[in-house]
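Beneath this line is the structure, given in structure tokens, with notes to follow.
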Amino acid sequence: MRGLIETPFEGSLARRLQAGIAERPTLYWLGQAGFVLDIVGRRLVIDPYLSDSLAEKYKGTARPHVRMMPPPVTVAELGPIDGVLCTHAHTDHMDPGTLKPLLAANPQARLVAPRAMRTQALERSGIAADRLDLLGAGEMLEVGADLKVTATRAAHETLETDYRGDNRFLGYVITSGDCRIWHSGDCIPFEGLEREVAALKPAVALLPVNGRRPELSQNGVPGNFDLDEAIVLAGAVGASAMIAHHYGLFDFNTAAPEEIDAAARSSLSPLVHRAREAIAFEWAGL
């Protein structure tokens, strides 16, 4: 069998990760937009939010950010990691409660972040600047001879840049051989996105599907693709599989799992998967 394979596993994610790095590219969901990616003998973590930083920040407010699901692992249970990729500086993607202990426990690990978010990345990670790799849209980072990370533009409702023109929100295409995984970051459709990403030929698209609502956007909570937009985009960029995520963490800003499952049953191109606990998403090649 070729392509993306859902492999259920028994026991905890911690136990699965402690068994070592998977032999073939494998993704595990951490909740929200967070993933662990085992690829070519390395373990990368994307947008991990494993603390309660936001619940502490918003306690007693109209949106207290109480978790709907507990973190599936602790920082220590992630095991040795080689790098962390943060798509932008919102706390559920660049979390000081996760980054500081994670990078302190893995002094060899590097952090990848948008160049426009350099100050936030250093402050929230606690690392020295020589451990930070900064990218702008269209730029590529080589991680050894067999792994590359290419940054793509993202619009978290709007395309935002700093005074230098660097994008505040990014996605990443992680490439090794025929395995090309695109994490869009938080994003909505915008002119040119399909063309830019299609040129990078992603095989798997990790797309947020919590949608957007005016009552949230107007109060500082920008949204993302809805499920239909994500499915259309995944097909348009040529992905053979899509993993829907960014749901199930905060009750005021989520998506219905049963709707994602219904789309997974009915959609043929691309094949839709729902990010779930106790599931390994394994890449078996083209």
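The values are calculated or read from the model by the stated rules, or taken from the named source; none is laboratory data. Note that this is a predicted model, so its numbers are computed, not measured. No Cβ is skipped: glycine too gets one built from the backbone with ideal geometry, and neighbour counts run over all protein chains shown. Protein only, heavy atoms only, side chains kept; ligands, DNA and RNA dropped before computing areas. Shrake-Rupley method; radii C 1.70, N 1.55, O 1.52, S 1.80 Å.
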- Not counting the cut sites, what is the longest span of the chain without trypsin sites (Lys or Arg not before Pro) that DSSP labels loop and that have at most 11 other Cβ atoms within 10 Å? 165-286
- Item | the chain, dipole about Cα centre (Lys/Arg Cβ +1, Asp/Glu Cβ -1), debye to the nearest 20 | 400 debye
- Note on the structure: Under the 7 Å Cα-to-Cβ spin-label approximation, Lys57 and Thr161 lie apart by a distance in nanometres of 2.6 nm
- Item | Point-to-point label distance, Ala129-Asp251, nm (Cα→Cβ direction, 7 Å offset) | 4.5 nm
- Those chymotrypsin sites (Phe, Trp or Tyr not before Pro) from region 132-173 that are DSSP loop and have at most 13 other Cβ neighbours within 10 Å turn out to be Tyr163
- Task: Select one label from (i) 35, 21, 16; (ii) 23, 23, 21; (iii) 44, 39, 16: the one whose number is semi-axes √(5λ) of the Cα gyration tensor in Å as derived from the coordinates shown.
- Result: (ii)
- Note on the structure: Projected onto the charge dipole of the chain (unit charges on the beta-carbon of Lys, Arg, Asp and Glu, signs +1, +1, -1, -1), the Cα from Leu135, Val204, Val221 with the largest positive-side position is that of Leu135
- Item | Lys pairs, the chain - Cα-Cα below 27 angstrom, 8 or more residues apart or on other chains | 4
- Label point 7 Å beyond Cα of Met68 along Cβ direction - residues of region 201-217 with amide nitrogen under 15 Å: 208-213
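In debye to the nearest 20, how big a dipole does region 146-286 give about its Cα centre with +1 on each Lys and Arg Cβ and -1 on each Asp and Glu Cβ?
Approximately 340 debye in magnitude.
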- Message: Taking 8 Å as the Cα distance limit and 6 or more residues as the minimum spacing, I'd like the relative contact order of the chain as a percentage.
- Response: 20 percent
- Query: Which whole-number value in Å² is the accessible area per residue of region 1-63, probe 1.4 Å?
  - Reply: 49 Å²
- For Glu191 and Ala105, what does the FRET efficiency come to when R0 = 35 Å and r is the distance between their Cβ atoms, rounded to the nearest 0.05? 0.25
- Message: Can you give me the % of accessible surface on the chain that is carbon or sulfur? Probe 1.4 Å, all protein chains present, nothing else counted.
- Response: 51 percent
